[in-house]
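Asker: Sharing a structure here in structure tokens format.
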Amino acid sequence: PRMMEVLQAAPHSSVLADVYLLEGDWDGAIHVADQAGFWSYSLIEKVADAVLSHRPDWVILVSVKQAEGLIEKTQSKYYPAAARWLLKAKMAYHASDRQSEWPAYLSNLKTTYARRPALQRELQRL
């Protein structure tokens, strides 16, 4: 308990998330990732990968948010990273028994961004 107090007060949220993940405290790790913010890509990705089968709905939310944030930058250099996030979302849709929602979401992305050929190539691979 004392060590957890120290970690919770420290600015190194990645270590705290690792402890929660090792203990199987999925919600604790998610809380740390959420508190770290949208720009903590590596921490969010680490937690998302670890909790995919335990909290797929959260993984869908953060993966879509990350992917759409990268797509909105309108620079093709971000599209491969967006596609990696979308692949996580796809896996989470399947893990949460919501696989029927994935094709509609992907189709909507393809339609919305039809004039971005580099993005379309990435989306085709999904």
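Values in this text are rule-based calculations from the coordinates and carry no lab data. Fair warning: this is a prediction, and the values are worked out from it, not measured in the lab. Every residue, glycine as well, gets a Cβ built from its backbone with ideal geometry; the counts of neighbours run over all protein chains shown.
Asker: Ordered by packing density, taken as the mean number of other Cβ atoms within 10 Å over each peptide's residues, highest first, how do 86-99, 105-118 rank?
Answerer: Ranked from most to least packed, the peptides come out as 86-99, 105-118.
Asker: Here's something else I'd like to know. Nothing charged except the Cβ atoms of Lys and Arg (+1) and of Asp and Glu (-1): what's the magnitude of the dipole of the chain about its Cα centre? Round to the nearest 20 debye.
Answerer: 840
Asker: Still on this structure: Output the 0 to 90 degree angle, nearest 10, between the alpha-carbon long axis of helix 79-95 and the longest principal axis computed from the alpha carbons of the chain.
Answerer: Result, in degrees: 70.
Asker: Would you calculate the volume per residue, in Å³, of the smallest convex hull containing every Cα atom of region 34-108?
Answerer: 80
Asker: Oh, and also: Mind pulling the angle between the C-alpha long axis of helix 41-51 and the longest principal axis of the chain? Nearest 10 degrees, somewhere in 0 to 90.
Answerer: 80
Asker: Once you treat every alpha carbon in the chain as an equal point and sum by Debye, what is log10 I(q)/I(0) at q = 0.09, 0.16, 0.18, 0.22 Å⁻¹?
Answerer: -0.29, -0.77, -0.91, -1.19
Asker: Among the aspartates and glutamates, which have Cα under 17 Å from the Cα of Lys110 when same-chain residues fewer than 8 positions away are ignored?
Answerer: Partners found: Glu68, Glu72, Glu101, Glu122.
Asker: Report, to the nearest 10°, how far helix 56-71 tilts away from the longest principal axis of the Cα atoms in the chain, using its own Cα long axis and a range of 0 to 90°.
Answerer: 60
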